[in-house]
């Protein structure tokens, strides 16, 4: 049986109300990021929007909810 490694690409959109995080299966191009920035600003009626492609990870490498809680407990 062949194992398929799925990748998750993280995009962070920062605006006056805070930050939004989007996960996609495809690596976005610069043109797609600019298009997302334009339409996000228009849809949510915010003046300045900053968009950043953060990184990608394999789905199997992501932490589970319990692992994330444990990580936060150790940080406090």
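Neighbour counting of Cβ atoms within 10 Å sorts the residues 49, 21, fewest neighbours leading, into 21, 49.
Once every DSSP H run of n ≥ 4 in the chain is given -39500 (n - 2.57) and the sum is divided by its residues, what mean residue ellipticity at 222 nm do you get, rounded to the nearest 500 deg cm²/dmol?
Numbers: 2 runs with 26 residues, N = 76.
That calculation yields -11000 deg cm²/dmol at 222 nm.
Between the helical axis of 30-44 and the dominant principal axis of the chain, each derived from Cα atoms, what acute angle in degrees is found, rounded to the nearest 10? It is inclined by approximately 70 degrees.
Compute the angle between helix 65-75 and the longest alpha-carbon principal axis of the chain, please, reported from 0 to 90 degrees and rounded to the nearest 10. Tilt of helix 65-75: around 80 degrees. Here each label is just a point 7 Å from Cα along the line to Cβ, and for residue 63 and residue 19 those points are 1.4 nm apart.
Using alpha-carbon pairs under 8 Å, 6+ residues apart, how would you state the relative contact order of the range 7-75 in percent?
Values: 79 pairs, mean separation 27.6, N = 69.
Worked out over the range 7-75, it gives 40 percent.
Note on the chain: Cα-only Rg and Dmax are 15.7, 50 Å. The slack between residue 26 and residue 5, meaning 0.36 nm per residue of separation minus the straight C-alpha distance, is 6.2 nm.
Throughout, read-outs are computed from the coordinates displayed, never taken from laboratory work. All figures in this text were calculated on a predicted structure; none of them were measured in a lab. Don't worry about glycine lacking a Cβ; one is built from the backbone with ideal geometry, like all the others, and counts go over all protein chains shown.
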